[in-house]
Amino acid sequence: MNETYEALTRASERTLSPENAKKLGQFFRGFTPAACPLLLLDYDGTLAPFHVDRFQAAPWPDVRDLLQHIQNQKKTRMVVITGRPADEIAPLLGLNAPLEVWGLHGFERLYPDGRREQEHLPDAVDRQLDKLRAQLDRDSFGGLFESKPNAAVVHWRGATPAQAAHIEQHTCALFEPAAQIPGFRLLPFECGLELRAGRDKGAAVELLMAETVAHAPAAYLGDDLTDETAFRAIEDRGLSVLVRKEWRETAADVWLKPPEELKVFLQNWANAAERSESLSPLVP
Ligand SMILES: [Mg+2]
């Protein structure tokens, strides 16, 4: 049994399966001085527990310190890919230096130096979204309506089961016809439904991988159904990690229970990056 495998098993209090620990051990042994590793992270449910007030969703205890340690090492390219607007991540994470964030599932890209790129949507798609926004502003069926530049979202986190069923039924009835229009996609997630246009997280991961040397270690960590496209996008080139208290069907390679196993993963990442003495991160 090698050192990494032992550390993973011990520190996770034996909740990590031997099979998962072995895969992770193999992954971390792949860190080499020749390539800057790429750490791709979802935020809500992955780095931070859910909070009904999403502006109060702080990272799991110790996770911020571990991410700060990885950032201080300057050996990893760390990127957050989130369904939130990109600007919301830095204040919640509270890291000393800005990091790259892809917001709105990949629709917008915020570079560490403050540059910003947005995907362009066809006018017809914009017009349809405006119609739905006006409708949901008037009545969101008891759910929380969130307007995004590329999407309309209805949330029902915190609702009773009966209320949730009511909100979901009416939201589906509103969104499903619009989802048939070319350019739109329906995106179910835990306690909500999003009708969106443009890139998804999988497309964001593909773009990032295309910028990364082929032999660089890369991992994507996510919890939700919206992360499945990202898991599939990285499958030939890196490690996909489902971070979640309960297991579910997934395309991910391994499953980690937060926060303990997530912390062990990040500590092992920092150790592997330190040992690899890799080159400075590439700046896009
Ligand atoms: Mg999430």
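The values are calculated or read from the model by the stated rules, or taken from the named source; none is laboratory data. Bear in mind the structure is a predicted one, so any value in this text is a computation, not a measurement. In this analysis, Cβ positions are derived from the backbone assuming ideal geometry, glycine residues included, and neighbour counts consider all displayed protein chains. Accessible surface is based on the protein model in full, side chains and every heavy atom, while ligands, DNA and RNA are left aside. Shrake-Rupley method; radii C 1.70, N 1.55, O 1.52, S 1.80 Å.
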Considering only region 38-76, state which residues are touching a Gly at 6+ places or on another chain (Cβ under 6 Å) and surrounded by fewer than 15 Cβ atoms within 10 Å (Cβ to Cβ).
52
Within region 170-181, can one find any residue that is under 22 Å from residue 50 (Cα atoms) and over 27 Å from the mean Cα position of the chain (by Cα)?
no
Selection count, region 196-208, where residues are open to solvent by less than 10 Å² (accessible area, probe 1.4 Å) and at pLDDT 95 or above
5
Checked region 69-93 for anything touching a helix residue (DSSP H, G or I) at 6+ places or on another chain (Cβ under 8 Å) and either in a helix (DSSP H, G or I) or within 13 Å of the ligand (Cβ to nearest atom) (or both); matches are 69, 70, 73, 80, 81, 82, 83, 84, 86, 88, 92, 93
Which condition does residue 272 not pass, out of (1) small (Gly, Ala, Ser); (2) open to solvent by less than 30 Å² (accessible area, probe 1.4 Å); (3) under 21 Å from residue 102 (Cβ atoms), if it passes all the others?
(3)
Filter the helices (runs of 4 or more DSSP H) completely within region 106-211 down to those with at least 1 residues that are of a type in the set (Phe, Trp, Tyr) and more than 16 Å from the ligand (Cβ to nearest atom).
161-179
For region 224-243, does any single residue satisfy the condition of being in a helix (DSSP H, G or I) and surrounded by fewer than 19 Cβ atoms within 10 Å (Cβ to Cβ)?
yes
What number of residues within region 33-56 are at pLDDT 95 or above and either within 16 Å of the ligand (Cβ to nearest atom) or closer than 25 Å to residue 191 by Cβ (or both)?
11
